[in-house]
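Quick notes on the structure that follows.
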Amino acid sequence: MTGSAPEGFWLRAETQTGGVGRRGRKWESPQGNLFCSTAVDLRPGDPEPSSLSFVAGLAVHGAIRHYLPDVPMLLKWPNDVMVSEAKICGILLERVGNQVVVGIGVNIAQAPEVEGRTVTSLKKEGAAVEAESFLGQLSIEFEKGVKLWRQEGLARILQEWQALAHPVGMSVTTSDDGGDKISGEFAGLTVDGALRLRKADGTLIEIRAGDISIG
């Protein structure tokens with residue numbers, strides 16, 4: 001998707017073999033999984049475009065919950081959705097002119113290996129659903145999220161995200177692109193979505209990029 005598509009239009013690939021995710025990681029989507037993208041127009045007064053990653057995470061969570069109502073799920077900063085403590089999706093944003101292209105990959109039928117991560121799929125967790133049907137539910141959830149994002153602002157989105165995420169006080173370790181790690185307790189999010197980390201000495205710091213491990 002080049003960013004010229006109308007808002008609300010979704011593009012789905014049957015497979016993906018050359019995708020690149022966050023921090024240059026390989027992002028594959030084998031047959032039976034979902035890789036899709038949609039464009040969001042940027043309008044005057046919209047929240048920060050990068051915050052659409054929280055909208056996307058909430059949408060994936062809602063769509064999965066539709067098919068797996070009783071399976072343990074958790075949102076993990078910055079844009080992971082965990083099912084049974086395993087990664088099930090990938091989310092990537094790209095600014096193209098006056099649009100943001102939101103790419104979402106969800107493990108539907110298969111759980112391709114991700115180095116250093118435990119992964120799962122909807123099929124493995126007990127959901128019998130095809131990628132096309134899941135995309136239909138995902139598009140409904142995403143449309144609701146974008147509407148909320150525009151009408152009520154980022155604060156409401158972050159409130160909903162935190163209600164479904166790792167709780168305040170949970171032990172987390174952050175790692176940046178250089179491999180440097182910082183451990184502490186999750187202390188919530190800033191007003192613009194950065195992670196607040198309380199170190200062992202009580203110092204509060206803000207993390208704006210990187211990965212975290214929990215527990």
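The values are calculated or read from the model by the stated rules, or taken from the named source; none is laboratory data. Note that the structure is predicted; figures quoted are calculated from it, not measured. Every residue, glycine among them, receives a Cβ derived from its backbone with ideal geometry; neighbour counts consider all protein chains shown.
Being without any contact (Cβ under 8 Å) to a residue 60 or more places away in the chain and over 30 Å from Arg12 (Cα atoms) is true for just one of Leu189, Leu195, Leu204, Leu122. Which residue is that?
Details: Leu189 fails: without any contact (Cβ under 8 Å) to a residue 60 or more places away in the chain; Leu195 fails: without any contact (Cβ under 8 Å) to a residue 60 or more places away in the chain; Leu122 fails: over 30 Å from Arg12 (Cα atoms).
Only one candidate passes the filter, namely Leu204.
Which members of the stretch 198-215 meet the condition of being more than 18 Å from the chain's Cα centre (by Cα) and either over 22 Å from Glu48 (Cα atoms) or among the acidic types (Asp, Glu) (or both)? Can you show your working first?
In the first step, residues of the stretch 198-215 are kept if they are more than 18 Å from the chain's Cα centre (by Cα); the result is 198-206, 215.
Within the stretch 198-215, Arg198, Lys199, Ala200, Asp201, Gly202, Thr203, Leu204, Glu206, Gly215 qualify.
I'd like to check something: does the stretch 82-96 contain any residue that is part of a strand (DSSP E or B), more than 25 Å from Pro47 (Cβ to Cβ), among the small types (Gly, Ala, Ser) and not assigned by TED's automatic domain parsing to the domain that holds Arg208? I'd like the intermediate steps shown before the answer.
Of the stretch 82-96, the ones part of a strand (DSSP E or B) are 82-83, 86-87, 89-96.
Imposing the further condition that a residue be more than 25 Å from Pro47 (Cβ to Cβ) reduces the set to 83, 86-87.
Subset that is among the small types (Gly, Ala, Ser): 86.
Next, from what is left, pick out any that are not assigned by TED's automatic domain parsing to the domain that holds Arg208: 86.
Yes, that holds for at least one residue.
Would you mind telling me which numbered condition in (1) of a type in the set (S, T, N, Q); (2) more than 11 Å from Trp77 (Cβ to Cβ); (3) assigned to a strand (DSSP E or B) Thr174 fails?
Status for Thr174: all satisfied but (2).
In the stretch 126-133, is there at least one residue being under 16 Å from the mean Cα position of the chain (by Cα) and surrounded by fewer than 19 Cβ atoms within 10 Å (Cβ to Cβ)? First the steps, then the outcome.
Of the stretch 126-133, the ones under 16 Å from the mean Cα position of the chain (by Cα) are none.
No, the stretch 126-133 contains no residue that is under 16 Å from the mean Cα position of the chain (by Cα) and surrounded by fewer than 19 Cβ atoms within 10 Å (Cβ to Cβ).
If Gly188 passes every condition in (1) over 25 Å from Pro72 (Cα atoms); (2) of a type in the set (Gly, Ala, Ser); (3) in contact with a Lys or Arg (Cβ under 8 Å, 6 or more places away or on another chain) but one, which one does it miss?
(1)
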